[in-house]
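The values are calculated or read from the model by the stated rules, or taken from the named source; none is laboratory data. The model shown is predicted, which means the values in this text are computed figures rather than measured ones. Backbone-built Cβ (ideal geometry, glycine too); neighbour counts: all protein chains shown.
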Amino acid sequence: MRPCLFLDLDSLRAEDARVVADWVRLCNELEIAAILLSGRGSTRRGLSRVDIERLGARIDDAYYCPHDTAAACACRLPRHGLLVQAGLRWNVDTKHSILVGDPRTGAEPAAKLGLRFVSSADVTETSLMPAMAA
Ligand SMILES: [Zn+2]
């Protein structure tokens, strides 16, 4: 079982790159898997994997929904598809894992799957720590 940090990339802003990269570097040190979730095309508007990795942070895995936003697919938050895929691949220790996302789409699936939730509107140097320590 592995603790994971799930980042809903579509909920994160480009200007948060430095803080998010700091979080991911900390996870790298603590052997917490850093995993991105994203829908098709939406990464171009906000934060991208490259933005995080060029700041020296290692993303361990990434799961993309390939469907059009109009499609009512099961992958994207608030549905569980991508989280479940990642969970099976990484044998996620849900009690010690965190989802960072939009409260409107992420809070409910996080609660259902037993993950801690951190709002992407609250991206600060210290906002991840209470969730990690809890
Ligand atoms: Zn999909």
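Look through segment 106-116, keep the residues that are crowded, with 16+ Cβ neighbours inside 10 Å and part of a helix (DSSP H, G or I), and return whichever of them is farthest from the chain's Cα centre (by Cα).
For segment 106-116, the residue satisfying everything is L113.
Taking segment 42-92 as the region of interest, how many residues are in a strand (DSSP E or B) and either touching a residue at least 40 places away in the same chain (Cβ under 8 Å) or within 13 Å of D8 (Cβ to Cβ) (or both)?
Of the residues in that region, 5 qualify.
Scanning for something more than 16 Å from the ligand (Cβ to nearest atom), among the β-branched types (V, I, T) and either farther than 25 Å from D22 by Cα or at pLDDT below 95 (or both), does segment 101-114 turn up at least one residue?
Looking through segment 101-114, none of the residues is more than 16 Å from the ligand (Cβ to nearest atom), among the β-branched types (V, I, T) and either farther than 25 Å from D22 by Cα or at pLDDT below 95 (or both).
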